[in-house]
1. Only one of 549, 570, 516 is farther than 16 Å from residue 486 by Cα, within 16 Å of the ligand (Cβ to nearest atom), at pLDDT 95 or above and in a helix (DSSP H, G or I); which?
2. Those residues that are closer than 30 Å to residue 255 by Cβ and in contact with a helix residue (DSSP H, G or I) (Cβ under 6 Å, 6 or more places away or on another chain), I need them from the range 378-417; list them, please.
3. So in the range 348-377, with the set limited to residues that are surrounded by fewer than 24 Cβ atoms within 10 Å (Cβ to Cβ) and in contact with a helix residue (DSSP H, G or I) (Cβ under 9 Å, 6 or more places away or on another chain), which one is nearest to residue 542 (Cα to Cα)?
4. Which of (1) within 16 Å of the ligand (Cβ to nearest atom); (2) farther than 30 Å from residue 332 by Cα; (3) among the polar types (S, T, N, Q) is the odd one out, the single condition residue 522 does not satisfy?
5. Considering only the range 1-22, state which residues are in a loop (DSSP other than H, G, I, E, B) and either surrounded by 16 or more Cβ atoms within 10 Å (Cβ to Cβ) or at pLDDT 95 or above (or both).
6. If you take the residues of the range 573-592 that are among the acidic types (Asp, Glu) and not in a loop (DSSP other than H, G, I, E, B), which of them is surrounded by the fewest Cβ atoms within 10 Å (Cβ to Cβ)?
7. Tell me which residues, restricted to the range 499-513, are in a helix (DSSP H, G or I), of a type in the set (Ser, Thr, Tyr) and near the ligand (Cβ under 8 Å from one of its atoms).
8. Going through 665, 677 one at a time, which residue ends up being under 17 Å from residue 251 (Cα atoms), within 12 Å of the ligand (Cβ to nearest atom), surrounded by fewer than 22 Cβ atoms within 10 Å (Cβ to Cβ) and among the hydroxyl-bearing types (Ser, Thr, Tyr)?
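The values are calculated or read from the model by the stated rules, or taken from the named source; none is laboratory data. It should be emphasised that the depicted structure is a prediction, and the values quoted were computed from it without experimental measurement. When we count neighbours, we look across all protein chains shown, and the Cβ atoms used for this are built from the backbone with ideal geometry, even at glycine.
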Amino acid sequence: MAVTERYVGTAVPRKEDPELLSGRAQYTADLAVPGILWMEVVRSPYAHARVSRVDVSGALAVPGVVAAFSGQDLAEDWAGPLLMAWPVTEDINNPSHWPLTKDKARHQGDGVAVVIAESQEAARDGADAVTVDYEELPVVTDMENALADGAPLVHDEFGTNKCYTWTLSNGEVDRVFAEAPVVVKERYVIQRQIPTPMEPRAVLAQPNPQGDFTLWSATQIPHIVKVAMTLGLGIPEQKIRVIAPKVGGGFGSKLQVYAEEMLSLALAKRLGRPIKWVETRSENYLATHHGRDQIQEMELAADADGKIHGYRARIMTNMGAYLMIITPGTPLLGAFVYCGAYGGEAYHVEFTGVFTNTTPTDAYRGAGRPEATYAIERAIDALARKVGKDPIEIRRMNFVGSSDGTMASPGGLTIDSGHYDATLDKALELVDYDSVRAEQKARRERGDAKVLGVGFSTYLEMCGLAPSRILGSLRYAAGGWDAATIRVLPTGKVTLSIGTTPHGQGHETTFSQILADDLGLSVDDIDVVWGDTQLAPLGMDTYGSRSLAIGGIAVHRAAQKIIDKARKIAAHELEVADEDVEYASGTFSVKGAPDKAKTVGELAFSAWTAHNLPDGMEPNLDETAVYDSSNFVFPYGAHICVVEVDTETGQVGIQKYVAVDDVGTVINPQIVDGQVTGGVIQGIAEALFEEAIYDENGQLLTSSLTNYEVPAASDVPSIVVDRYVTPSTSNELGVKGVGETGTIASPPAVINAVIDALEHLGVTEMARPATPERVWRAIQQAKGGGGK
Ligand code: MCN
């Protein structure tokens, strides 16, 4: 591509793919340094048990084992507990959480001891040889049971399993509900899920001769991990370098500070040798955080014709056994969007966090917003049924507005822009709505066993986390800014250091596109450095679909600084005033005399030699920008799912799935399509397949990929992806996020479609995941044939 053409908006092939696809990429587990010792964690087989004695002598007798420690043995190694960065209320019950438990195991997989050996095999044998005396305690995994009187206590010191209650209220909620002619009240159980990235976690902690440490970790948040390591271990922060090498997906599960990061660094310090740990898949299912797990009561107050005036949601949310980095705050990320893309004047949400003897929960793709979207998109269908309206009509009459500018939402947010009706129109056209309905009718009239259903989700998301001031007001401990440093090298090539940490999202490509356009370069002239706290020291990492809307803006702003400085050098060299120099596509020229021109590359060389710079100007052409937004971004869209349900077997097949999303200005359509497709498939999995199940003893029954049903490619259809573009008013590039849209939008579209398919049989409720057995039982029950 000629460099004068724009890259933004084109499907530039992903720069990162040749390395990833050819198998040359180095993940943490691939790394080797001399003198490695292997770490293995001894984990509790019980969900709740007092640890009365840990005897590591058996492990120490295993050939190759170098050391072994219980939680008590390491008690003095910690300067502080594992980081919990979001204490959502002043009076939250926040238990101290140590890398190894010192007193009792609170979930299956809780770390009890650690073994260090010369080989991974010896470490595993050593772990098997540790003797732990457990005193089993009564277990509670269910939130409602956990809040009942006399429930076993996960943390004895609080006298309750309640972690916190957090509320948000706007308008006269009680009055609106009391006066409403129509109130819809629904209960939705959002099942627990296991994030399941392709790459499980891994760490390698190395003590360096100079007395500092390097920690490689399969993490989404190297910058935050660095701070957490200092807080947890007391190692001065400048002595810790955290590197996230290639990371094979995370979906939020690597937005975390884990015990193994603290343990490996503490033991590298103690033993003076590099410590490596690689998680197995079954360990990943027990020891890497889970997602979702809520019980929601959702209410809508409406007119007789279905115009909504009030929203009220009460949410019970399972924390699991401990509070991880943002466990309590994760559900609150959905707190503002229980009204979806709809208007109204009263809004109330109340969250109650509950401890149970289960793996801790935390962010999982969408984090709070899929749960909220599920509630509102299911409830609006229930309202449509109650007032006898079509699900399309009820949505259209309730959309909050339509604007290129901002709009106020009942949840208290200022939406950046949106045209909800137009997006829905486009999706209806793509799905060929009239013919789907005609086919549905025909099958019903013929009495076919295989029936059709159509489901909608006209979702609204908030992402681009986040304005630091708002995060502060919500009691989140860190900021929401991000940073970019551009160094134009003397020969005109560019190194771009970014503070975000991609793990599949293609930042090297999209951020190069933005910068190449700004500086009139080829994308191949730019190398992107990320995921290393020494080489890209400023950053807040990747989560909450923030990287483009925050980090991408930092890139653009740093480029503007480069242009400003280069313009001054150009004016100086061309002997004209700054304002007489115009800039386009990498070239500065004198107004009216285009032959008198300098390129960015030439000016970078001048800035490097510094022979003839304007008085007082610092040499070199490199600039950093740190960007903190003033508002979130609000992607939205219309997703329509067409399902075929076999009423004899309960089998649900997706016939067609259309996703029309507005993610603002699109940097790379291919990457955006990929993000939407992957996200929708993850949401389909949530609706139809995946569920983490514990038995009454707190044993995880879905403890491996053989019984936790992640869909295969053959289980999902091709997704029809299209767009509607309304630039965001929150930033100068007009971009909104896309990393979570599909996962947020799709579960209610699928379940609404299943219910629509079976409504004529009397089915109006469907638990998720809608497995064939659940669907079949719902049909039997509706027929009056039991099926419970
Ligand atoms: N993009 C674009 N134009 C837009 C919006 C985004 O070209 N209008 C591009 C961005 O430049 C970036 C990608 O799309 O290359 C995603 O951008 P963004 O929405 O900013 O999301 P993040 O990069 O911050 O990624 C985080 C998000 C989250 S929160 C989860 S969870 C998630 C996801 O991204 N996990 C993923 N996508 C994933 N994709 C993969 N492959 N693996 C994961 O674990």
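1. Working: 570 fails: within 16 Å of the ligand (Cβ to nearest atom); 516 fails: farther than 16 Å from residue 486 by Cα.
Every option except 549 fails the conditions.
2. Of everything in the range 378-417, just one residue is closer than 30 Å to residue 255 by Cβ and in contact with a helix residue (DSSP H, G or I) (Cβ under 6 Å, 6 or more places away or on another chain), namely 378.
3. Taking the range 348-377 as the starting set, the residues that turn out to be surrounded by fewer than 24 Cβ atoms within 10 Å (Cβ to Cβ) are 348, 350, 352.
Okay, now just the ones that are also in contact with a helix residue (DSSP H, G or I) (Cβ under 9 Å, 6 or more places away or on another chain), so 348, 352.
Details: 348: 30, 352: 27 Å.
The qualifying residue nearest to residue 542 (Cα to Cα) is 352.
4. Only one criterion is unmet by residue 522, namely (1).
5. Quick first cut of the range 1-22, residues in a loop (DSSP other than H, G, I, E, B) only: 1-16, 22.
Of everything in the range 1-22, those that are in a loop (DSSP other than H, G, I, E, B) and either surrounded by 16 or more Cβ atoms within 10 Å (Cβ to Cβ) or at pLDDT 95 or above (or both) turn out to be 3, 7, 8, 9, 10, 11, 12, 13, 14, 15, 16, 22.
6. Looking only at the range 573-592, we keep the residues that are among the acidic types (Asp, Glu), and these are 573, 575, 578-580, 582.
When the remaining residues are screened for being not in a loop (DSSP other than H, G, I, E, B), the result is 573, 578-580, 582.
Numbers: 573: 18, 578: 12, 579: 9, 580: 16, 582: 15.
Checking each candidate, the answer is 579.
7. Listed by number, the residues that qualify are 509, 510.
8. Working: 665 fails: under 17 Å from residue 251 (Cα atoms).
Just one listed residue meets the conditions, 677.
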